[in-house]
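Asker: I have a structure here, written as C-alpha coordinates, and I will follow up with some questions on it.
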Amino acid sequence: MSEDRKALNAALLETQKQIGAVTKDANNKFFSSDYATLEAVLGTIKDALNGAGIVILQPVEMIGESWCVVSRLLHAESGQSIESIMPVVCKDMNDPQKWGSAITYARRYTLQSLVALPSAEKDDDDGNGASGKTDKKTAPQKPTAPSKKESDSVKEIAKRAAWNAAKKAGIVSVNTDKPKLQEYAIANGINVPLDDMTSAELNELEGKIVTEFETKKD
(Lines give C-alpha, C1' and ligand atoms only; values in the text may rest on other atoms or scores of the structure.)
Protein backbone atom coordinates (compact mmCIF):
# COMPACT_ATOMS: atom_id res chain seq x y z
CA MET A 1 0.00 0.00 0.00
CA SER A 2 1.39 3.40 -0.97
CA GLU A 3 2.41 5.89 1.74
CA ASP A 4 1.83 8.86 -0.58
CA ARG A 5 -1.77 8.63 -1.80
CA LYS A 6 -2.51 12.25 -2.73
CA ALA A 7 -3.43 11.50 -6.37
CA LEU A 8 -5.35 8.35 -5.44
CA ASN A 9 -7.27 10.15 -2.67
CA ALA A 10 -8.29 12.91 -5.08
CA ALA A 11 -9.53 10.33 -7.58
CA LEU A 12 -11.43 8.43 -4.87
CA LEU A 13 -13.08 11.65 -3.71
CA GLU A 14 -14.46 12.28 -7.19
CA THR A 15 -15.54 8.64 -7.41
CA GLN A 16 -17.46 8.71 -4.12
CA LYS A 17 -19.40 11.75 -5.31
CA GLN A 18 -20.83 9.54 -8.07
CA ILE A 19 -21.41 6.24 -6.28
CA GLY A 20 -24.65 5.64 -4.39
CA ALA A 21 -25.78 2.58 -2.44
CA VAL A 22 -25.67 -0.94 -3.86
CA THR A 23 -28.93 -2.88 -3.95
CA LYS A 24 -29.11 -6.11 -1.97
CA ASP A 25 -29.93 -8.43 -4.86
CA ALA A 26 -29.74 -11.88 -3.25
CA ASN A 27 -31.04 -13.73 -0.18
CA ASN A 28 -29.19 -15.86 2.35
CA LYS A 29 -31.68 -18.58 3.32
CA PHE A 30 -29.66 -19.68 6.35
CA PHE A 31 -29.75 -16.21 7.94
CA SER A 32 -33.01 -15.08 6.26
CA SER A 33 -31.39 -11.84 5.17
CA ASP A 34 -30.74 -10.06 1.91
CA TYR A 35 -27.26 -9.12 0.76
CA ALA A 36 -25.51 -7.54 -2.20
CA THR A 37 -23.66 -9.99 -4.46
CA LEU A 38 -20.12 -9.39 -5.69
CA GLU A 39 -21.57 -8.76 -9.16
CA ALA A 40 -23.87 -6.06 -7.75
CA VAL A 41 -20.99 -4.39 -5.88
CA LEU A 42 -18.76 -4.39 -8.97
CA GLY A 43 -21.63 -3.16 -11.14
CA THR A 44 -22.18 -0.24 -8.79
CA ILE A 45 -18.57 0.96 -8.48
CA LYS A 46 -16.48 -0.30 -11.42
CA ASP A 47 -17.40 2.30 -14.05
CA ALA A 48 -16.91 5.20 -11.64
CA LEU A 49 -13.55 3.88 -10.42
CA ASN A 50 -12.28 3.10 -13.91
CA GLY A 51 -13.46 6.49 -15.11
CA ALA A 52 -11.27 8.10 -12.43
CA GLY A 53 -8.28 6.04 -13.54
CA ILE A 54 -8.51 3.51 -10.69
CA VAL A 55 -7.96 -0.20 -11.34
CA ILE A 56 -9.51 -2.91 -9.15
CA LEU A 57 -7.22 -5.84 -8.28
CA GLN A 58 -8.26 -8.78 -6.08
CA PRO A 59 -5.53 -11.44 -5.98
CA VAL A 60 -5.53 -14.33 -3.50
CA GLU A 61 -2.19 -14.32 -1.68
CA MET A 62 -0.53 -16.35 1.07
CA ILE A 63 0.11 -14.00 3.98
CA GLY A 64 1.82 -15.64 6.93
CA GLU A 65 0.10 -19.02 7.19
CA SER A 66 -3.24 -17.95 5.72
CA TRP A 67 -4.63 -17.54 2.24
CA CYS A 68 -6.08 -14.04 1.98
CA VAL A 69 -7.98 -11.96 -0.54
CA VAL A 70 -6.12 -8.68 -1.08
CA SER A 71 -8.51 -6.13 -2.58
CA ARG A 72 -6.42 -3.31 -3.98
CA LEU A 73 -7.38 -0.02 -5.65
CA LEU A 74 -4.53 1.12 -7.90
CA HIS A 75 -4.31 4.60 -9.39
CA ALA A 76 -3.03 3.86 -12.90
CA GLU A 77 -1.28 7.18 -13.51
CA SER A 78 0.54 7.62 -10.19
CA GLY A 79 0.92 3.98 -9.17
CA GLN A 80 -0.49 4.82 -5.72
CA SER A 81 -2.66 2.19 -4.09
CA ILE A 82 -4.77 1.27 -1.07
CA GLU A 83 -5.81 -2.21 -0.02
CA SER A 84 -7.99 -4.24 2.32
CA ILE A 85 -7.01 -7.78 3.37
CA MET A 86 -9.31 -10.55 4.59
CA PRO A 87 -8.38 -14.18 5.36
CA VAL A 88 -10.25 -16.80 3.31
CA VAL A 89 -12.21 -18.80 5.90
CA CYS A 90 -13.13 -22.21 4.50
CA LYS A 91 -13.90 -25.44 6.35
CA ASP A 92 -12.83 -27.66 3.45
CA MET A 93 -10.24 -26.07 1.16
CA ASN A 94 -10.26 -29.20 -1.01
CA ASP A 95 -13.88 -28.54 -1.98
CA PRO A 96 -13.75 -26.14 -4.97
CA GLN A 97 -17.31 -24.90 -4.39
CA LYS A 98 -16.73 -24.01 -0.71
CA TRP A 99 -13.33 -22.52 -1.51
CA GLY A 100 -14.78 -20.41 -4.30
CA SER A 101 -17.67 -19.26 -2.10
CA ALA A 102 -15.28 -18.20 0.68
CA ILE A 103 -13.15 -16.24 -1.79
CA THR A 104 -16.26 -14.52 -3.17
CA TYR A 105 -17.32 -13.46 0.34
CA ALA A 106 -13.88 -12.03 1.03
CA ARG A 107 -13.75 -10.22 -2.32
CA ARG A 108 -17.19 -8.70 -1.77
CA TYR A 109 -16.67 -7.42 1.75
CA THR A 110 -13.13 -6.11 1.35
CA LEU A 111 -14.12 -4.25 -1.82
CA GLN A 112 -17.28 -2.84 -0.25
CA SER A 113 -15.28 -1.74 2.78
CA LEU A 114 -12.57 -0.08 0.66
CA VAL A 115 -14.99 2.28 -1.05
CA ALA A 116 -17.31 2.68 1.99
CA LEU A 117 -20.18 1.36 -0.11
CA PRO A 118 -23.52 1.18 1.74
CA SER A 119 -26.20 -1.38 0.92
CA ALA A 120 -29.85 -0.61 0.21
CA GLU A 121 -32.88 -2.87 0.21
CA LYS A 122 -33.99 -4.64 -2.94
CA ASP A 123 -36.60 -2.91 -5.07
CA ASP A 124 -40.10 -4.06 -4.16
CA ASP A 125 -40.80 -5.82 -7.45
CA ASP A 126 -43.55 -7.99 -5.92
CA GLY A 127 -45.18 -4.90 -4.44
CA ASN A 128 -45.05 -3.11 -7.78
CA GLY A 129 -46.65 -6.11 -9.47
CA ALA A 130 -49.46 -6.25 -6.94
CA SER A 131 -50.17 -2.55 -7.33
CA GLY A 132 -50.34 -2.83 -11.12
CA LYS A 133 -47.00 -1.14 -11.78
CA THR A 134 -44.89 -2.65 -14.53
CA ASP A 135 -41.13 -2.77 -14.84
CA LYS A 136 -40.22 -0.41 -17.65
CA LYS A 137 -36.95 -1.10 -19.44
CA THR A 138 -35.11 2.18 -19.23
CA ALA A 139 -31.49 3.11 -19.61
CA PRO A 140 -29.63 2.99 -16.28
CA GLN A 141 -29.33 6.36 -14.60
CA LYS A 142 -26.14 7.75 -13.15
CA PRO A 143 -26.15 6.96 -9.40
CA THR A 144 -26.23 9.88 -6.99
CA ALA A 145 -24.84 10.12 -3.50
CA PRO A 146 -27.43 9.22 -0.83
CA SER A 147 -28.91 11.98 1.29
CA LYS A 148 -28.28 12.12 5.06
CA LYS A 149 -31.69 10.54 5.70
CA GLU A 150 -30.95 7.73 3.25
CA SER A 151 -27.50 7.17 4.79
CA ASP A 152 -29.01 6.83 8.29
CA SER A 153 -31.57 4.39 6.96
CA VAL A 154 -28.91 2.32 5.20
CA LYS A 155 -26.80 2.20 8.37
CA GLU A 156 -29.78 1.04 10.44
CA ILE A 157 -30.47 -1.74 7.94
CA ALA A 158 -26.83 -2.84 8.07
CA LYS A 159 -26.88 -2.75 11.89
CA ARG A 160 -29.98 -4.95 12.08
CA ALA A 161 -28.50 -7.42 9.60
CA ALA A 162 -25.28 -7.71 11.63
CA TRP A 163 -27.17 -8.27 14.88
CA ASN A 164 -29.51 -10.84 13.29
CA ALA A 165 -26.53 -12.74 11.90
CA ALA A 166 -24.81 -12.65 15.30
CA LYS A 167 -27.91 -13.97 17.08
CA LYS A 168 -28.47 -16.78 14.59
CA ALA A 169 -24.82 -17.74 14.81
CA GLY A 170 -25.02 -17.87 18.62
CA ILE A 171 -22.53 -15.05 19.22
CA VAL A 172 -25.12 -13.04 21.15
CA SER A 173 -28.55 -13.81 22.55
CA VAL A 174 -30.02 -10.31 22.75
CA ASN A 175 -29.33 -6.96 21.10
CA THR A 176 -28.03 -5.50 24.37
CA ASP A 177 -25.10 -7.93 24.52
CA LYS A 178 -22.67 -5.50 22.88
CA PRO A 179 -19.47 -6.70 24.60
CA LYS A 180 -19.62 -10.13 22.97
CA LEU A 181 -20.25 -8.76 19.48
CA GLN A 182 -17.61 -6.07 19.99
CA GLU A 183 -15.13 -8.75 21.07
CA TYR A 184 -15.93 -10.77 17.94
CA ALA A 185 -15.49 -7.71 15.72
CA ILE A 186 -12.08 -6.86 17.23
CA ALA A 187 -10.95 -10.48 16.96
CA ASN A 188 -11.79 -10.31 13.26
CA GLY A 189 -9.89 -7.09 12.57
CA ILE A 190 -12.69 -4.51 12.90
CA ASN A 191 -11.35 -2.23 15.64
CA VAL A 192 -14.25 0.22 15.71
CA PRO A 193 -16.87 0.70 18.47
CA LEU A 194 -20.17 -0.86 17.36
CA ASP A 195 -22.11 2.40 17.64
CA ASP A 196 -19.51 4.20 15.49
CA MET A 197 -19.34 1.63 12.69
CA THR A 198 -20.24 2.76 9.19
CA SER A 199 -22.69 0.74 7.09
CA ALA A 200 -19.71 -0.69 5.17
CA GLU A 201 -18.04 -1.84 8.41
CA LEU A 202 -21.32 -3.35 9.62
CA ASN A 203 -21.67 -5.15 6.30
CA GLU A 204 -18.11 -6.41 6.67
CA LEU A 205 -18.90 -7.67 10.19
CA GLU A 206 -22.02 -9.46 8.94
CA GLY A 207 -19.98 -11.00 6.13
CA LYS A 208 -17.33 -12.36 8.51
CA ILE A 209 -20.06 -13.93 10.68
CA VAL A 210 -21.85 -15.45 7.69
CA THR A 211 -18.60 -16.75 6.17
CA GLU A 212 -17.38 -18.40 9.37
CA PHE A 213 -20.61 -19.97 10.50
CA GLU A 214 -21.87 -21.10 7.10
CA THR A 215 -18.61 -22.98 6.53
CA LYS A 216 -18.90 -24.51 10.01
CA LYS A 217 -22.50 -25.52 9.24
CA ASP A 218 -21.34 -27.26 6.05
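Asker: Can you tell me the FRET efficiency between Q18 and D195 if r is taken as the Cβ-Cβ distance and R0 is 35 Å, rounded to the nearest 0.05?
Answerer: Between Q18 and D195 the formula returns 0.75.
Asker: With r defined as the distance between the Cβ atoms of I63 and M93 and R0 fixed at 22 Å, what FRET efficiency is calculated, to the nearest 0.05?
Answerer: Approximately 0.90, to the nearest 0.05.
Asker: Moving on. Report, to the nearest whole %, how much of the accessible area of the range 34-98 belongs to carbon and sulfur atoms, 1.4 Å probe, protein only.
Answerer: Carbon-and-sulfur percentage of accessible area, whole number: 51.
Asker: Can you compute the modelled spin-label distance between I186 and A7, with each label point 7 Å from Cα toward Cβ, in nm?
Answerer: 4.0
The values are calculated or read from the model by the stated rules, or taken from the named source; none is laboratory data. These numbers come from a predicted model, not from an experiment. With ideal geometry, Cβ positions are generated from the backbone for all residues, glycine too; neighbour counts draw on all protein chains shown. The accessibility values were calculated without ligands, DNA or RNA, using every heavy atom of the protein model including side chains. Shrake-Rupley method; radii C 1.70, N 1.55, O 1.52, S 1.80 Å.
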